Structures are given as C-alpha cells and as structure tokens.
Amino acid sequence: MKEFVKRYEKIYPKMYRTAYYYMRNRQEAEDAVADTALIAYEKREQLREEEKFELWIMKILVNRCKKKMRTWFQKECTIEELPASVERELAKDPDLVASVAVKQAFWELKDEERFIVALSVFGGYTGEEIADILNKNHSTVRSKYRRALQKMRQKLEV
C-alpha cells in the first residue's frame with residue numbers, strides 16, 4: 001500500500017493536468033483522477049512490470065476520461081446550464097480572448113487528437129510513451145500529433 005501511494009503521489013500532478021485539460025473542469029478532473037487511483041489500486045496485481053506503473057495508470061486515466069466524455073455527449077447542455085465555477089474561471093483569465101481561442105481550437109480536434117496533444121503538452125509524455133498508453137504505433141502517434149497541431153494553428157490564424 002505504501003509503495004502504491006508513493007508512486008501515485010509522484011505522478012498525481014501529471015494525471016491531474018491531463019484530466020483537467022481534457023475534462024475542462026476542476027471537479028471532473030479530480031473525480032477522474034480519484035476514480036483512476038481507486039481502480040488502479042484494486043487492480044494493482046495485474047501490473048506485470050513495476051517500472052511501467054506510470055504508463056499503466058495513465059491508460060486507466062485515459063479510459064476513465066473517455067468514458068466520462070461519452071456520457072457527457074449523450075446529454076445536451078445550453079449556455080445557461082454552465083456551472084458558475086466555469087464562468088468564474090473564465091472571468092479570472094487575464095488574456096481571455098487568446099485563451100478561449102486556443103481552448104476552442106483544442107476542443108475542435110478529434111477525440112484521439114485531443115488525447116495525444118494533452119498527454120504530450122500537459123502530461124509531458126514522449127511519443128513512444130503515448131503510443132504505449134493508446135496502444136498505437138509510435139509513428140502513427142507522431143503523425144497525429146503533428147496534424148493536430150497544424151489544425152490548431154490553422155484555426156488560430158483565421
């Protein structure tokens with residue numbers, strides 16, 4: 001138990017950053033990370049290689065975020081239903097226009113592209129590590145990452 005907690009505390013910031021930028025909500029990100037920790041702890045015996053703990057737990061996090069997002073897309077939400085916390089966060093942003101433009105460009109990417117960008121930019125993972133997390137070929141991940149950044153660039157230049 002102590003070893004698990006020690007490893008979890010070490011990677012918590014990366015997990016939270018990745019979940020936050022994907023979920024766009026502090027509470028949802030915290031819930032996703034907490035759910036991931038619980039699932040990982042319950043399934044810790046399934047981890048075959050201890051040195052791959054970080055990649056393993058990030059796979060669980062990615063799957064939790066995907067599952068949560070699927071449930072979101074099944075319901076519609078109007079602007080009036082935005083939580084007050086989201087409105088307050090936007091009001092605090094010093095460069096709101098640029099921030100909103102970047103976030104909008106990010107959210108217009110396909111689901112997989114968002115995960116790749118989030119894991120790379122916010123999580124600090126290499127292309128090879130992302131390929132392991134997503135069970136994809138490294139060159140495929142690298143290509144999708146470049147295309148995603150190019151799409152964002154094009155949206156921001158308009």
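The values are calculated or read from the model by the stated rules, or taken from the named source; none is laboratory data. What you are looking at is a predicted structure, and each value in this text was computed from that prediction instead of being measured. All Cβ positions, glycine included, derive from the backbone under ideal geometry; neighbour counts span all protein chains shown. Each accessible area value is taken on the protein alone, full model and side chains, heavy atoms only, with ligands, DNA and RNA left out. Shrake-Rupley method; radii C 1.70, N 1.55, O 1.52, S 1.80 Å.
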Legend entry - Filtered residue count, segment 107-120, keeping only those that are outside any helix (DSSP H, G or I) and buried (at least 17 other Cβ atoms within 10 Å of the Cβ): 1
Legend entry - Counted residues, segment 121-158 - those being in a helix (DSSP H, G or I) and either among the aromatic types (Phe, Trp, Tyr) or open to solvent by 30 Å² or more (accessible area, probe 1.4 Å) (or both): 22
Inset, instruction - Identify, by number, the condition in (1) in contact (Cβ under 8 Å) with a residue 12 or more places away in the chain; (2) open to solvent by 90 Å² or more (accessible area, probe 1.4 Å) that residue 2 doesn't meet. - result: (1)
Legend entry - Breaking point among (1) touching a Ser or Thr at 6+ places or on another chain (Cβ under 7 Å); (2) more than 21 Å from residue 107 (Cβ to Cβ), for residue 136: (1)
Legend entry - Among (1) more than 30 Å from residue 150 (Cβ to Cβ); (2) at pLDDT below 85; (3) not acidic (Asp, Glu) - the single one residue 106 does not satisfy: (1)
Inset, instruction - Mind listing whichever residues of segment 51-60 are surrounded by 10 or more Cβ atoms within 10 Å (Cβ to Cβ) and of a type in the set (Asp, Glu)? - result: 54
Legend entry - Selected residue (only one of 48, 44, 7 is open to solvent by 80 Å² or more (accessible area, probe 1.4 Å) and either of a type in the set (A, V, I, L, M, F, W, C) or in contact (Cβ under 8 Å) with a residue 40 or more places away in the chain (or both)): 44
